[in-house]
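Asks: Okay, here's the structure, questions in a sec.
The values are calculated or read from the model by the stated rules, or taken from the named source; none is laboratory data. Just so it is clear, the model here is predicted, and its values are computed rather than measured. Every residue, glycine as well, gets a Cβ built from its backbone with ideal geometry; the counts of neighbours run over all protein chains shown. All accessible areas refer to the heavy atoms of the entire protein, side chains included, with ligands and DNA or RNA removed. Shrake-Rupley method; radii C 1.70, N 1.55, O 1.52, S 1.80 Å.
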Amino acid sequence: MDTRTYLPRFAAIALAGASFLAVTAAEAKEITIWCWDPNFNVAIMKEAGARYTKTHPDVTFNIVDFAKADVEQKLQTGLSSGTADALPDIVLIEDYGAQKYLQSFPGAFAPLSGTVDYSGFAPYKVEVMTLDGQVYGMPFDSGVTGLYYRKDYLEQAGFKPEDMQGITWDRFIEIGKQVEAKTGKKMMGLDPTDAGLVRIIMQSAGQWYFDKEGKTNITGNAALKASLETVGKIMAANIYKPAAGWADWVGTFTSGDVATVITGVWITGTVKAQPDQSGKWGVAPIPALSIDGATHASNLGGSSWYVLESSAEKAEAIDFLNEVYAKDVDFYQTILTDRGAVGSLLAARGGAAYGEADAFFGGEKVWQNFSDWLAKVPSVNYGVFTNEADTAVTAQLPALQQGTPVDDILKAIDAEVSAQVQ
């Protein structure tokens, strides 16, 4: 062999190989995502990323797990500083805070209206991320609400499952009185320092702390007034077991001390974590108010994904969200089965996982029920100051418990919110 001719050829081949690797490396895309909760949001995003990488091997994912408060603080700091390098490509934002970010930082998030078919999602989730005719997020998990109830306790009190369907809040309270009289069990757990129940009831009637234009809607809000009156009636009837904080509230039903739980679908896994209670639970739509616009559907919590306009991988990030979260029905079956996540894509309701009977709930198709109610949740404008309004409501709950007239409470809430909004 003539090494004089071989070596240059070898070098040329090696150089070509290095060039190919350099091009491949240059084409590789890494999408950085910020979210919270390793057992829910993080795990679900890892599943989504794995699905996308199968058909897009040049795209990898860096999913960063922060505490929720840290995500919000880092996002706020990065947007305020205008330093794009400190921001991710995709970030998870709680629905209640979406409008605050969209309105406070115009141009910071990429509009997805031209890419995503939003007609396939629950309308109330799309409303949350819409500003000036543009839609900015990818709807994710729902906090659609339900009335979980102990069938054994209700039966002891003389009630059948059908007696829990389509009831009013006044009827709920009456049933609660009879349940306690017959079984000694309180109807529900209630944290007097948490306004979650007020929010559930208010949204079920299509109203919020702010109107469709984002203006404060407190003193003339019939749904908020009726919600406060309802919570006041529950307190006055003493059909609740007081709870101090989240863990204490969860303990009211995991211990078997109360007959019902009214909250978001995300609590299902916690309810099912008590194997000795299998077969004893049922799920019904939440009670409705007796006012115009009242429904049996509402929401508590939920988050969605947003792409940063400054992202170097913006096109890939948008395509990823669209391909998986807006089109992959099987993905939603997997995250429902593995994580108990009810997504906002309405087509997912036709999947096998949603149609399965759940032995824990006596063979009820609970996921199908929740997904049906999901489509009925009234759309509202969470506005920019939902957290501030919630704090104002929470501050008045002790006065409500003491019997202060609701009109006076509404005035106090309105004064506090108005001061915050200035």
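Asks: Which residue is nearest to the chain's Cα centre (by Cα), if the candidates are limited to segment 41-54 and must be open to solvent by less than 40 Å² (accessible area, probe 1.4 Å) and not aliphatic (A, V, I, L, M)?
Replies: It comes out as Asn41.
Asks: If you go through segment 394-415 one residue at a time, do you hit one that is within 23 Å of the chain's Cα centre (by Cα) and either in contact (Cβ under 8 Å) with a residue 24 or more places away in the chain or open to solvent by 10 Å² or more (accessible area, probe 1.4 Å) (or both)?
Replies: As a first pass, look at segment 394-415 and keep what is within 23 Å of the chain's Cα centre (by Cα): 394.
Then keep just the ones that are either in contact (Cβ under 8 Å) with a residue 24 or more places away in the chain or open to solvent by 10 Å² or more (accessible area, probe 1.4 Å) (or both); that gives 394.
Yes, segment 394-415 has at least one match.
Asks: Just to be sure before I move on: is Gly214 over 23 Å from Gly264 (Cβ atoms) and of a type outside the set (A, V, I, L, M, F, W, C) in the structure I sent?
Replies: Against the criterion (over 23 Å from Gly264 (Cβ atoms) and of a type outside the set (A, V, I, L, M, F, W, C)), Gly214 qualifies.
Asks: So which residues in segment 127-160 are closer than 18 Å to Ile262 by Cβ and not in a strand (DSSP E or B), if there are any at all?
Replies: Across segment 127-160, the qualifying residues are Lys151, Tyr153, Leu154, Ala157, Phe159.
Asks: Among the candidates Gly269, Gly350, Gly293, Gly279, which residue alone is free of Cβ contacts under 8 Å to residues at least 60 places away in the same chain and surrounded by fewer than 16 Cβ atoms within 10 Å (Cβ to Cβ)?
Replies: Residue meeting the stated conditions: Gly350.
Asks: Can you work out which of the residues in segment 161-172 that are open to solvent by 50 Å² or more (accessible area, probe 1.4 Å), in a helix (DSSP H, G or I) and of a type outside the set (Lys, Arg) is nearest to Trp266 (Cα to Cα)?
Replies: Pro161
Asks: Looking at Val307, Val261, which one is of a type in the set (A, V, I, L, M) and farther than 22 Å from Thr168 by Cβ? Reasoning before the result, please.
Replies: Working: Val261 fails: farther than 22 Å from Thr168 by Cβ.
None of the other options fit; the residue is Val307.
Asks: To continue, here is another question. Within segment 393-414, identify whether any single residue is at pLDDT 95 or above and touching a Phe, Trp or Tyr at 6+ places or on another chain (Cβ under 7 Å), and answer yes or no.
Replies: no
Residues checked against (1) surrounded by 17 or more Cβ atoms within 10 Å (Cβ to Cβ); (2) at pLDDT 95 or above; (3) more than 27 Å from Val324 (Cβ to Cβ):
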{"position": "Phe10", "(1), (2), (3)": "no, no, yes"}
{"position": "Glu27", "(1), (2), (3)": "no, no, no"}
{"position": "His56", "(1), (2), (3)": "no, yes, no"}
{"position": "Phe61", "(1), (2), (3)": "yes, yes, no"}
{"position": "Leu75", "(1), (2), (3)": "yes, yes, no"}
{"position": "Pro88", "(1), (2), (3)": "yes, yes, no"}
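Asks: How about segment 365-410: which of its residues are under 24 Å from Lys100 (Cα atoms) and of a type in the set (D, E, K, R)?
Replies: Glu388, Asp390
Asks: Taking segment 296-332 only, how many residues are farther than 20 Å from Ser113 by Cβ, free of Cβ contacts under 8 Å to residues at least 24 places away in the same chain and open to solvent by 20 Å² or more (accessible area, probe 1.4 Å)?
Replies: 2
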